[in-house]
Amino acid sequence: MRVLVTGGAGFLGSHLCERLLNEGNEVLCVDNFYTGRKSNVLHLLDNPEFELIRHDVTLPLMVEVDQIYNLACPASPVHYQHDPIHTMKTSVLGAMNMLDLAKRLGATVFQASTSEVYGDPEVHPQPESYWGLVNPIGIRSCYDEGKRCAETLFFDHQRQFELSIKVARIFNTYGPRMNPDDGRVVSNFIVQALRGEDITVYGEGNQTRSFCYVDDLIEGFVRLMNSDSSVTGPINLGNPGEFTVRELAEHVIDLTGSSSKLVFEPLPQDDPRQRRPDITKAESQLGWQPGINLDEGLKKTITYFENLLSAG
Ligand code: NAD
Ligand code: UDP
């Protein structure tokens, strides 16, 4: 199959491109390199089945493919808040352009949605049936509301045009190829620990997140994309193991053997207090559950960052 991956030079996208190529597909990787890097896909450039195009998904795209994975969007709060209007445009116009393309081609289209659609949740853990608690005018809204609007567009296209859609709600995922300047908690803590710098815990560190290792997540993507046509999602993909941010910092310090100390900085506005996926639906509809626990995944990620930092 010929498969389009938008945001393919990013953290998740590069792993997905690699997986799809390994399975014998042709892959068209589209990216504007806002947070993605050519180095993430450098090892794929020699593969004749791989093509890389610089393109912004806010503009229409004319290509011929059988499947579309729409991952293009900055995912770290630091980056999506840098140009919030472009973030919103990327989610909404990007979704519109990929849906138009899928409609023209009769292709199945996958949307990388997010646990952020649940906002600061009052229901815990979060099932797909929960509608969320999202501030529409805060500093995270460009991302949260952009992704919510994209979901609406996906389901309206399915109802109006019987388009084949697959919507995944992704919970915090980490692993090799995260950008050291990404700003997300796992990469920040590992890089700080390896450099012997202070570990920046926001607030008191009592907020919780559930961390999924990238390989587990990509397996869920591929299963969802190739699932029965009755399976549209939204479907939660994440690891139900729940940790406070302070616990995460302690795991990173233990595993790196670092002498770094925790420092406490102000909690950003609207930072969700708790987050854990209910993955019952993924288990029953996709036969999927994550297999890599936090310490195993952190060890692999630490090795990646050790190599990256020692290479300068
Ligand atoms: P990332 O920032 O590493 O990757 C995003 C990629 O999209 C980058 O390569 C970036 O250059 C590209 N991009 C951004 N705007 C674009 C545009 N307008 N046109 C073309 N390309 C554009 O982030 P990631 O963690 O790999 O996330 C990938 C997708 O998964 C995103 O849609 C994100 O919202 C979603 N997601 C990720 C997580 C996670 O924990 N990693 C959680 C929930 C949702
Ligand atoms: N966080 C932190 N220190 C950091 C980066 C993030 O304490 O250096 C916290 C952040 O406030 C949030 C959690 O870690 O509560 C996860 O943040 P991240 O940006 O990784 O993802 P998101 O908030 O989108 O879940």
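The values are calculated or read from the model by the stated rules, or taken from the named source; none is laboratory data. Only a predicted model underlies this, so the values are computations on that prediction, with no experimental measurement involved. For neighbour counting, all protein chains shown are included, and Cβ atoms are generated from backbone atoms with ideal geometry for every residue, glycine included. The accessibility values were calculated without ligands, DNA or RNA, using every heavy atom of the protein model including side chains. Shrake-Rupley method; radii C 1.70, N 1.55, O 1.52, S 1.80 Å.
Taking a straight line from the alpha carbon of K147, these lysines sit under 29 Å away, with near neighbours fewer than eight places off in the same chain left out: K38, K89, K103, K166, K281. The Rg/Rh ratio for segment 92-134, using Cα coordinates for both the radius of gyration and the Kirkwood hydrodynamic radius, is 1.16. Calculate the length of the line joining the C-alpha centroid of segment 271-312 to that of segment 58-124, in whole Å. Segment 271-312 and segment 58-124 have Cα centres spaced 22 Å from each other. Amide H to amide H, with H built 1.01 Å from N, V167 comes under 5 Å of Q111, G233, I235, counting only residues 5 or more places away or on other chains. Zone of V63 (label point 7 Å along Cα→Cβ, backbone N under 14 Å): which residues in segment 32-49? Once the point is set 7 Å along Cα→Cβ of V63, 32-33, 45, 49 turn out to lie under 14 Å by backbone N, inside segment 32-49.
Once segment 136-195 is represented by equal point scatterers at the alpha-carbon sites, with solvent omitted, what log10 I(q)/I(0) does the Debye formula produce at q = 0.23, 0.25, 0.27 Å⁻¹? Normalising to I(0) and taking log10 leaves -0.95, -1.00, -1.05.
Rounded to the nearest 20, the size of the Cβ-charge dipole of the chain about its Cα centre is 300 debye, with Lys and Arg at +1 and Asp and Glu at -1.
On the principal axes of its alpha-carbon atoms, the chain has extents of 56, 46, 38 Å, going from largest to smallest. With the full set of protein chains in place, find how many percent of the accessible area of the chain is carbon and sulfur; take the probe as 1.4 Å. With neighbouring chains kept in place, the figure for the chain is 49 percent. Compute the long axis of helix 141-161 from its Cα atoms, compare it with the longest principal axis of the Cα atoms of the chain, and write down the angle in degrees, 0 to 90, nearest 10. The angle comes out at about 30 degrees. Round to the nearest 10 and give me the degree value, 0 to 90, for the angle of helix 214-225's Cα axis relative to the longest principal axis of the chain. That works out to roughly 20 degrees. Between the C-alpha center of segment 216-234 and that of segment 20-51 there is a gap of 21 Å.
Computed over the Cα atoms of segment 248-295, the ratio of the radius of gyration to the Kirkwood radius (Rg/Rh) comes to 1.13.
Annotation: average projected area of segment 135-259 is 9.5 square nanometres, based on the convex hull of Cα atoms across all directions.
Between E265 and D100, the modelled labels are 4.0 nm apart [label points 7 Å from Cα along Cα→Cβ]. What you get for segment 90-161, charging only the Cβ of Lys and Arg (+1) and of Asp and Glu (-1), is a dipole of about 340 debye around the Cα centre.
Set Lys and Arg Cβ to +1 and Asp and Glu Cβ to -1, take the dipole of segment 52-155 about its Cα centre, and tell me which of V65, L153, I137 lies farthest positive. Value: V65. Only DSSP H runs of four or more residues enter the estimate; each adds -39500 (n - 2.57), and after division by the residues of the chain the mean residue ellipticity at 222 nm equals -12000 deg cm²/dmol.
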